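The values are calculated or read from the model by the stated rules, or taken from the named source; none is laboratory data. Just so it is clear, the model here is predicted, and its values are computed rather than measured. Using ideal geometry, Cβ is built from the backbone for each residue, glycine included, and neighbour counts are taken over all protein chains shown. Just so you know, the surface numbers come from the protein's heavy atoms only, side chains and all, with ligands and any DNA or RNA stripped out. Shrake-Rupley method; radii C 1.70, N 1.55, O 1.52, S 1.80 Å.
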Protein chains: 2
Amino acid sequence: MQEKKKIPKSVASRLSLYLREISRLEDEGGDKVSSVELGELTGLTDAQVRKDLSYFGQFGTSGSGYEILKLKNILRDLLGKDNIWHIVLIGAGNIGSALLRYPGFKNQGFIIKEAFDIDQKKIGKCYGEVTVKDVRQINDIEKDRSIKIAIITVPVDSAQDVAEEVTRYGIICILNFSPVILKVDEGVTVRNIDLSNELENFSFILTSAKG
Amino acid sequence: MQEKKKIPKSVASRLSLYLREISRLEDEGGDKVSSVELGELTGLTDAQVRKDLSYFGQFGTSGSGYEILKLKNILRDLLGKDNIWHIVLIGAGNIGSALLRYPGFKNQGFIIKEAFDIDQKKIGKCYGEVTVKDVRQINDIEKDRSIKIAIITVPVDSAQDVAEEVTRYGIICILNFSPVILKVDEGVTVRNIDLSNELENFSFILTSAKG
DNA sequence: AGAGATTTGTGATTTTTTTCACGAAGTAGG
DNA sequence: CCTACTTCGTGAAAAAAATCACAAATCTCT
């Protein structure tokens, strides 16, 4: 049975989690895994695991569980893990430069190909394997149509401008660390990572718990 | 008209966003704001804005909108913004040290009070205003009962251990950057920031779009 | 091969979240 | 004060997500 139905957003956002735990099991020499076990590893219920996995075919075996290798391959396939994705990063400040140095991306098939900043002090610096260029040269990325993903780590005032610029040059996925809602064209996906937001959520929890 | 009903999770996660945009409007000298306008700023529909705000009282004015100052104060109150929250950070690697240097937290009332690492090369170093201590001294935080929030930026293998340790010493909110699901006691809240996860989500989108 | 245990796959149900749509309240201008 | 216009607040409806619960498939053990 092929892709039976369209995979819901909620399920899609968990694929990565499943793959991570499945890969871990494989590394440990595992062979099969049950929905209960996978649920424990991912913090989900067994029913949810089964329902999620059922969206992309039926390949579990009653009585024994899911074959790890098979499941891994399906997840890798869905997530396009055989591709290598090229990324442009704009803003080589604290967070930006940390991401440039972060080795975890490369292992996962994500390569930061270009980095830009507006600050003369940062331009020319090399983090990890990338040299920071002047943001005025950002249209360089237009030549390299393999770059579809941008990471934006610029101050809040320039984030919208940067988003508009990179989408003009072929970017269709943006990981935005700037605390602002980016307005982008249809067809462009934005995911926000807002650290203050996360902390304020704690603040809310801590505050309401006290009351 | 007090807290009418319990605020749903989905709404709680947006409070921070509302406050941010409201504060921005206030800085620009705004006075009133309509649900339509606030919807545009937050990327939500006007209906959702009204519904959300209705969870914590009715203070809009038909025909003219919401009073910015009033709304701001309510949101600040809900989010406990008059408090200052103390944080402990464990793992002063790429991301960890970037967070230590990041000035944005302090402005928002979040202060990283202590930082720990296991690596002798990092211990003793000072980032921002915090000096990294030896993780073996982590029980120091038990003395300072004002620290309720931990940021975990350690490698995946040690994350669970660290989580267990800090919760033993009074932490009840954990911001986890490590790509692993932390098992914590009831009453402890974990929020995960998983960068590879976010990128893989893009990978999924890009892959399925191609098909 | 048969009995009992395990585990999947999935309709049905429940819960949560979002959207709709409209009455009521308020504004503005003459 | 009246008319036309805006905008809120919210029940009701719809959509999305999670949970339940159980028949059917498979496994294990003797």
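A few comments on the model shown:
- Area of A:Trp85 that stays accessible when all protein chains are in place (1.4 Å probe, Å², to 10): 30
- Shown are A:Glu114, A:Glu67, whose ranking by accessible area with a 1.4 Å probe and every protein chain present, most to least, is A:Glu67, A:Glu114.
- The heavy atoms of B:His86 present about 40 square angstrom of accessible area, all protein chains included, probe 1.4 Å.
- Listed residues A:Ile181, A:Ile111, A:Ile152, most fluctuating in chain A (Gaussian network, C-alpha, under 10 Å): A:Ile181
- Most fluctuating residue given options B:Leu182, B:Leu75, B:Leu199, as computed from a GNM of chain B linking Cα atoms under 10 Å: B:Leu199
- Difference of contour (0.36 nm per residue) and Cα-Cα distance, B:Asp82 to B:Glu142: 19.2 nm
- Global geometry of the protein assembly as shown, whether rounded, prolate or oblate, following the gyration tensor of its Cα atoms and the 1.5 cut on a/c: rounded
- Beta bridges from DSSP with both residues in chain B: antiparallel share about 20 percent, rounded to the nearest 5.
- Computed from Cα positions, the angle between helix A:68-78 and the longest principal axis of chain A comes to roughly 40 degrees.
- Other copies of A:Lys106: label-to-label distances in nm, shortest first, labels 7 Å along the beta-carbon direction: 3.4
- Cα principal axis extents for segment B:9-78, largest first, Å: 31, 23, 22
- Convex hull volume per residue, computed on the Cα atoms of segment B:85-197, equals 99 Å³.
- Bridge type composition, segment B:39-164 - antiparallel percent by DSSP, nearest 5: 20
- Counting from the shortest, the label point at A:Asp185, 7 Å from Cα toward Cβ, is 5.4 nm from the same position in each remaining copy.
- Partner shielding of A:187-199 amounts to 6, given as the average count of beta-carbon atoms from other chains within 10 Å of each residue beta-carbon.
- Across the identical copies, the 7 Å label point of B:Pro8, projected outward along Cα→Cβ, sits 1.4 nm from its counterparts, in ascending order.
- Computed [θ] at 222 nm, helices only, for the protein assembly as shown once each DSSP H run of length n ≥ 4 contributes -39500 (n - 2.57): -13000 deg cm²/dmol
- B:Glu198, A:Glu28, A:Glu186, ranked by accessible area, largest first (probe 1.4 Å): A:Glu186, A:Glu28, B:Glu198
- GNM top mover of A:Gly104, A:Gly29, A:Gly124 - chain A, alpha-carbon springs below 10 Å: A:Gly29
- Binned Cα-Cα distance frequencies in chain B - 10 Å width, integer %: 8, 27, 27, 24, 13, 2, 0
- Taking only the C-alpha atoms of segment A:4-126, Rg followed by Dmax gives 18.6, 63 Å.
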